[in-house]
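The values are calculated or read from the model by the stated rules, or taken from the named source; none is laboratory data. All figures in this text were calculated on a predicted structure; none of them were measured in a lab. Here the Cβ positions follow ideal geometry from the backbone for every residue, glycine too, while neighbour counts run over all protein chains shown. Note: areas computed on protein heavy atoms with side chains; ligands, DNA, RNA excluded. Shrake-Rupley method; radii C 1.70, N 1.55, O 1.52, S 1.80 Å.
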Amino acid sequence: MHKITLIPGDGIGPEVIDSCVRVIEATGLKIEFEQVDAGAKTVKEKGTPLPDTVLDSIKKNKVALKGPITTPVASGFRSVNVALRKALDLYANLRPARSFEGIESRYENIDIVVVRENTEGLYAGIERYIKEDKTEGETIRRITKKASERIARFAFEYARKENRKKVTAVHKANIMKVTGGIFLESARRISREFSEIEFEDRIVDNMCMQLVKKPELYDILLAPNLFGDIISDLCAGLVGGLGIAPSANIGDKLAVFEPVHGSAPKYAGLDKVNPTATILSGVLMLKYLGEKNAANTVENAIKKALKEGKKLTYDLGGNAKTSEFTDYVISKII
Ligand code: NAD
């Protein structure tokens, strides 16, 4: 039996995590969930948003399912999500964006996977005020050949394993010649080891325009941390929004699965939001655990529920509650 760390998180986190757990359990797969808490609530109780018990539990169980965690804007504690990824060296952030029948969106047949470097770059939060009166500051964008090659290799190996055809590196090496250059050159070097997979690159601003105009041309997008964060929301928007966008944070030995979206505090406790992103993160987790049958069962149940469209949440044009949609997905599990 698998033992998994479960972090419900803040805001809508507990609702969407509960939904995902219920759907996984409905497949009959036996999983023991070890619940630990992190985030805003934990600060009040334990004085830190990320107690050691959370990291210890993930290190022991190797796999975690996590809800979103609130990060205060412009002040307060630093992001638990970033700290977790760094502390556990979860260097690859996988964010698939796929069209589903029944979900109205601008395009059909989109199947893009963003592979985002997860440990360095602008997103790492290395920053300081330069003036004491806090009127000037700087954020450091540190990028290394080691981390860039590692994420590029991950993207190409993923492409090979999943039988994908093309990797597009996303960068701004024309302006940020040093850090952008290291990232792009690393991707180029690794691409030569994977001759069967096409490799190309795009400057990030052009990439955004191309994605909005011709998303069907893209397959795997390999991006440094901040660009990966931004373009993956763009890709989520192309296929129907954050309510259906899952993600995986993967390292050499550990992995944490979570929806792309945040804690959406205004919807917390309303039984209103879409749990699909978290359920699909659960599917990624089941695949990672080697539980192919359970993964396919859940994925097919989600596909059917979305296609029939009888019980959709508000973001997909319906008025079903989170719990009603979850029950409907469970009713499609055979
Ligand atoms: P958000 O993703 O929480 O919400 C933005 C909007 O997207 C919501 O108002 C809602 O309209 C929609 N949305 C999000 N999830 C949805 C769902 N499951 N179903 C339907 N609609 C959904 O982004 P935000 O408001 O910028 O951030 C809120 C908090 O979450 C912040 O503190 C932020 O730092 C944090 N955050 C955490 C993570 C994480 O834990 N990995 C990721 C992103 C943001």
In the chain, what % of DSSP beta bridges are antiparallel (nearest 5)?
45
Span-like helices, the chain: DSSP H, alpha-carbon axial extent 15 Å or more, mean Kyte-Doolittle 1.0 or greater, which ones?
225-239, 276-288
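Which of rounded, prolate or oblate describes the stretch 182-260 when judged by the alpha-carbon gyration tensor and an a/c cut-off of 1.5?
It is oblate, given that a/c is not under 1.5 and a/b is not larger than b/c.
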Within the stretch 90-192, GluC sites (Glu not before Pro) in DSSP loop having at most 16 other beta-carbon neighbours inside 10 Å:
GLU101, GLU104, GLU108, GLU132, GLU136, GLU162
Not counting ligands, DNA or RNA, and with a 1.4 Å probe, what is LEU242's accessible surface area in Å² rounded to the nearest 10?
70
Using Cα-only point scatterers and the Debye equation, what is log10 of I(q)/I(0) for the chain at each q in 0.07, 0.13, 0.14, 0.15 Å⁻¹, rounded to two decimals?
-0.28, -1.00, -1.16, -1.33
Is there a pair in LYS30/LYS292; LYS266/LYS321; LYS311/LYS332; LYS30/LYS321; LYS3/LYS66; LYS86/LYS253 whose C-alpha atoms are over 18 Å apart, and which pairs would that be?
LYS30/LYS321
Beyond 23 Å, how much of the Cα-Cα pair distribution for the stretch 105-239 remains, as a whole percent?
35
Mind checking the full-extension length gain between LYS59 and ASP133? Use 0.36 nm per residue of separation minus the Cα-Cα distance, one decimal, nm.
22.5 nm
For the stretch 105-239, build the charge dipole from Cβ charges (+1 Lys, Arg; -1 Asp, Glu) around the Cα centre, then report which of TYR129, VAL212, ALA169 sits farthest towards its positive end.
ALA169
Using Cα positions and a limit of under 15 Å, work out the aspartates and glutamates in reach of LYS303, with same-chain residues fewer than 8 apart set aside.
GLU101, GLU104, GLU108, ASP111, ASP327
Rounded to the nearest 10 Å², the accessible area of ILE330 using a 1.4 Å probe with every protein chain kept is 50
Could you give the nm distance between label points at ASP52 and LEU270, where each point is 7 Å from its Cα heading toward the beta carbon?
4.1
Pairwise Lys count, the stretch 105-239 - Cα closer than 25 Å, eight or more residues apart or different chains
17
Whole Å is fine, so just give me how far the alpha carbon centre of the stretch 181-246 lies from that of the stretch 1-58.
30
Per-residue ellipticity at 222 nm for the chain, helices alone: DSSP H runs ≥ 4 residues times -39500 (n - 2.57), over residue total, nearest 500 deg cm²/dmol?
-12500 deg cm²/dmol
Please give the charge dipole size of the chain, origin at the Cα centre, charges +1 on K and R Cβ atoms and -1 on D and E Cβ atoms. Round to the nearest 20 debye.
500
Quick check: with the 1.4 Å probe, what order do GLU25, GLU45 take by accessible area, largest first?
GLU45, GLU25
Mind ranking VAL82, VAL239, VAL212 by accessible surface for me, highest first, 1.4 Å probe?
VAL212, VAL82, VAL239
Quick one: pull the percentage of alpha-carbon pairs in the stretch 199-334 with a separation above 25 Å.
35
So what is the relative contact order for the chain, in percent, with contacts set as C-alpha pairs under 8 Å and at least six apart?
23
Taking only Cα atoms and a 10 Å spring cutoff, compute GNM fluctuations for the chain and point out the largest among ALA87, ALA159, ALA173.
ALA87
Take the alpha-carbon centre of the stretch 286-334, take the same for the stretch 112-144, and report the distance between them in whole Å.
37
Overall dimensions of the stretch 281-334 by Cα: Rg and Dmax, Å:
11.8, 35
How would LYS332, LYS253 rank on accessible area, largest to smallest, probe 1.4 Å?
LYS253, LYS332
Counting only protein heavy atoms and leaving out ligands, DNA and RNA, the solvent-accessible surface of ILE203 at a 1.4 Å probe, in Å² to the nearest 10, equals 50
